Amino acid sequence: SRLRRIGMMLDSCRSQSHLALLDVKGFDPCDVSVCVRDGRVTVSAEHKEEHNTALGKTCNYRKFMKEFSLPPGVDDDEVTYSV
């Protein structure tokens with residue numbers, strides 16, 4: 001199940017050097033943005049799809065944003081991330 005997979009991913013990356021693991025399924029890596037500033041990390045993703053059908057145009061739009069504070073003593077420049 002999805003929750004089991006997420007739990008296994010969290011267990012596999014538990015260490016003092018990891019701050020967070022976020023599920024951005026449904027977004028392309030180019031849709032995801034990470035900003036580290038003033039002791040805060042902001043992860044956002046936005047995706048828009050438009051399709052023309054016989055009945056007209058349909059549009060699907062998804063947006064995700066998560067923000068959290070860095071632990072005390074962690075410098076903004078030390079933060080790394082991967083998608």
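Read-outs throughout are calculated quantities, based only on the coordinates presented, and are distinct from any laboratory measurement. Treat the numbers as computed from the prediction; the structure is a model and nothing was measured. Cβ atoms come from the backbone with ideal geometry, glycine included; neighbour counts cover every protein chain shown.
Structure values in brief
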quantity: Highest to lowest packing among 41-51, 59-69, scored as the average C-beta count within 10 Å; calculated: 41-51, 59-69
quantity: Net charge, His47 excluded, C-beta distance under 10 Å - Lys, Arg +1, Asp, Glu -1; calculated: -1
quantity: Estimated FRET transfer efficiency (Val79, Leu55; beta-carbon r; R0 41 Å; 0.05); calculated: 0.30
quantity: Extension gain from Leu21 to Cys35, taking 0.36 nm per residue of separation minus the Cα-Cα distance; calculated: 3.5 nm
quantity: Net charge of Cβ neighbours under 14 Å - reference Val74; Lys, Arg +1; Asp, Glu -1; calculated: -3
